[in-house]
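To start, the structure under review is shown below, and the notes come after it.
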Amino acid sequence: MTVGIVVFPGSNCDRDVRWALEGCLHLSTRFLWHEERDLGGIDAVVLPGGFSYGDYLRCGAIARFAPVLEAVRDFAHGGGPVLGICNGFQVLTEMGLLPGALTRNQKLHFLCEPAPLEVRPGTCQWLKSYGEGEAINLPIAHGEGRYQCDADELQQLEGEGRVVLRYGQNPNGSVGDVAGLTNQAGNVLGLMPHPERACDPATGGTDGLRLLASVLA
Amino acid sequence: MPLFSAHVQVSLRSSVLDPAGEATRAAAARLGVDGIKTLRIGKSIHVELEAPDRATAQAQIELLSDRLLANPVIEDWSLELAETHGGQQA
């Protein structure tokens, strides 16, 4: 089992994700530089947090055209598990693997705090070890995490059970309290909270461990 | 080949909250500028492009605007295109 961690210029959670996967879960990882195209031997892909390409134009807008993401798109369409955390979630929406967009937090502040969440795993592969309606706590750290889509789309996403993570106390103005979304097949998950920062009691809880460990099962 | 100059204006769709615009509006009131009903912040992008003719230039900039400069989920864009000669606006 090898997890590929995509590294863009400006990624800054790539090493945190490696630490969580290798140090806490004893998985092997491989960094995938943004110019790579070969995902051979990779069983799951993580798009980590950070500021890919300096967030120029819009968060994730430039990253979307990185060569590695052509391979990630094929990998996702083939059913491969793909996880986008924070900036990774923004990239997934920009590349159209998940609907909607992430915009500036309602109150403009960069938010860095624990976020109580409700999990509705449905068919999402990354959340299969969580119970329906389970309450967990994961840290958030973002300035542009306000999920936005139109009312019809939100209703459809809700109806399809794709709003798999919801804020208990909406911190950023996201429509529908959306903190995380999955695709129709359930193999792609995008979320603003950082599961890799909640994998050891020393860093504030372990609620993120099962999410990352789900790729093992 | 003819040179074209394009100004693309990108703005948040009216249905999308613009918190930075709201904060700026509040600051304007503190400056003493009253009566501002709307203040929305967007982006202005200037592009110079060589193309065989105006229709091609228009199509290229429209593609650029729709697929890269703006995200149609949250943003609208508009375009002004002109042919330039020797760096001067025609």
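Side notes on the structure shown:
- Among the conditions (1) surrounded by fewer than 20 Cβ atoms within 10 Å (Cβ to Cβ); (2) under 21 Å from B:ASP18 (Cβ atoms), A:ALA61 misses just one, which is (1).
- For the range A:155-174, a residue qualifies if it is over 20 Å from A:GLY96 (Cα atoms), touching a residue at least 12 places away in the same chain (Cβ under 8 Å) and surrounded by fewer than 22 Cβ atoms within 10 Å (Cβ to Cβ), and the qualifying residues are A:ARG166, A:GLY168, A:GLN169, A:GLY173.
- Restricting B:LEU69, B:LEU3 to residues that are within 14 Å of chain A (Cβ to nearest Cβ), in contact (Cβ under 8 Å) with a residue 40 or more places away in the chain, surrounded by 15 or more Cβ atoms within 10 Å (Cβ to Cβ) and out of contact with any Cys (no Cβ under 7 Å at 6 or more places or on another chain) narrows the list to B:LEU69.
- Flag not set for A:ASP200, criterion: surrounded by fewer than 19 Cβ atoms within 10 Å (Cβ to Cβ), within 14 Å of chain B (Cβ to nearest Cβ) and not small (Gly, Ala, Ser).
- Candidates in the range A:88-131 are the residues that are under 15 Å from A:ALA76 (Cβ atoms) and among the aromatic types (Phe, Trp, Tyr); of these, the one that is nearest to the other protein chains (Cβ to nearest Cβ) is A:PHE89.
- Among the numbered conditions (1) farther than 20 Å from A:THR206 by Cα; (2) away from chain B (no Cβ under 14 Å); (3) touching an Asp or Glu at 6+ places or on another chain (Cβ under 6 Å); (4) not polar (S, T, N, Q), the only one that A:ALA76 does not meet is (3).
- Entry remark, the range A:1-25: residues being charged (D, E, K, R) and surrounded by fewer than 16 Cβ atoms within 10 Å (Cβ to Cβ) number 2 in total.
- Criterion violated by A:GLY40 - all others in (1) surrounded by fewer than 20 Cβ atoms within 10 Å (Cβ to Cβ); (2) touching a residue at least 12 places away in the same chain (Cβ under 8 Å); (3) assigned to a loop (DSSP other than H, G, I, E, B) satisfied: (2)
- Test: residue in the range A:80-102 that is more than 16 Å from A:LEU189 (Cα to Cα), modelled with pLDDT of 95 or more, in contact with a strand residue (DSSP E or B) (Cβ under 9 Å, 6 or more places away or on another chain) and not aromatic (Phe, Trp, Tyr): no
- The range A:175-196, residues that are under 25 Å from A:LEU108 (Cα atoms), out of contact with any Leu (no Cβ under 7 Å at 6 or more places or on another chain) and surrounded by fewer than 24 Cβ atoms within 10 Å (Cβ to Cβ): A:ASP177
- Only one of A:LEU165, A:LEU154, A:LEU189, A:LEU181 that is of a type in the set (A, V, I, L, M, F, W, C) and assigned to a helix (DSSP H, G or I): A:LEU154
The values are calculated or read from the model by the stated rules, or taken from the named source; none is laboratory data. These numbers come from a predicted model, not from an experiment. A quick note on method: Cβ atoms are made from the backbone with ideal geometry, for glycine too, and the neighbour counts reach across all protein chains shown.
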